[in-house]
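Q: If you scroll down you'll find the structure; I have some questions about it.
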Amino acid sequence: MLEQQYVEEVATSPASLGTSPLGSLADASTRKLLIDLISTMNASFPDYDFSDLRPEHFHKEWNLNMAVNSVNTNLSEIIDTRETGFLEELWGSIESVIETRNCEVYSYLPDMDADDPFTDGSLWSFNYFFFNKQQKKLLYFTCMAKR
């Protein structure tokens, strides 16, 4: 369903969808990536429908370390005070599953006016997708702090 929607949009307005933070939507692999990201979010949060998300809601992270540091910063105040070494163990587990050094990393940037779990009473949240093309794996890492 989403694939058909994007194919029709590219056919009727190729210039407006030619480039996006994920790449050109005229390219089937970019459309597949966008659909995989949205489908993963829909499966993770069944009470919400992310089908209307646009490519502009996602951002390609050009530096894996920036994403890791962002996660560590958000979690360190909560986790490391109670469980020393948790972050190292967490990243070791993630590395063993998806080999982050071979991944493209994307983030989801929630629209603050949207009705989704990241804006509904959240103090902060992060959403990272680690995509390993070689392994054909996508790991979705999300966390939010609620009031």
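No value in this document is a laboratory result; all are computed from the given coordinates. Remember, predicted model here, so these are calculated numbers, not experimental data. Neighbour counts are summed over all protein chains in view; Cβ atoms, including those assigned to glycine, are modelled from backbone coordinates with ideal geometry.
Q: Show me, for segment 93-106, the HN-Hα J-couplings you get by feeding each phi into the Karplus relation (A = 6.51, B = -1.76, C = 1.60, θ = phi - 60°), rounded to Hz, glycine and proline as x.
A: Along segment 93-106, the couplings run 5, 4, 4, 5, 8, 10, 6, 3, 5, 9, 9, 8, 10, 10 Hz.
Q: Need one word for segment 97-147: rounded, prolate or oblate. Basis is the Cα gyration tensor (sqrt eigenvalues a ≥ b ≥ c); a/c below 1.5 gives rounded, then a/b vs b/c decides. Working shown, then result.
A: Values: a/c = 3.67, a/b = 2.57, b/c = 1.42.
Judged from the Cα gyration tensor, segment 97-147 comes out prolate (a/c at least 1.5, a/b above b/c).
Q: A follow-up question, please. Quick one: go through segment 108-123 and flag any residue whose amide nitrogen is under 14 Å from the point 7 Å out along the Cα-to-Cβ line of Ser70.
A: Those under the cut-off are 108-111.
Q: Roughly how compact is segment 2-146, stated as its Cα Rg over 2.2 N^0.38 Å to two decimals? Can you show the working numbers first?
A: Working: Rg = 16.3 Å, N = 145, 2.2 N^0.38 = 14.6 Å.
With N residues counted in segment 2-146, Rg over 2.2 N^0.38 Å equals 1.12.
Q: Say a site is exposed when it is one of the GluC sites (Glu not before Pro), sits in a DSSP loop, and has at most 15 other Cβ atoms within 10 Å; what is then the longest site-free stretch of the chain?
A: On the way: sites that count: Glu83, Glu99.
Free of exposed loop sites, the longest segment is 1-82.
Q: Still on this structure, I have one more. Ranked by Cβ crowding within 10 angstrom, fewest neighbours first, how are Met112, Met41, Met144, Met66 ordered? Intermediate results must be reported in sequence, preceding the final value.
A: Working: Met112 8, Met41 23, Met144 17, Met66 12.
Fewest-to-most Cβ neighbours within 10 Å comes out as Met112, Met66, Met144, Met41.
Q: What is the extension gain from Phe86 to Arg147, computed as 0.36 nm multiplied by their sequence separation minus the C-alpha to C-alpha distance, in nm to one decimal?
A: Separation in residues times 0.36 nm, less the Cα-Cα distance, equals 19.6 nm.
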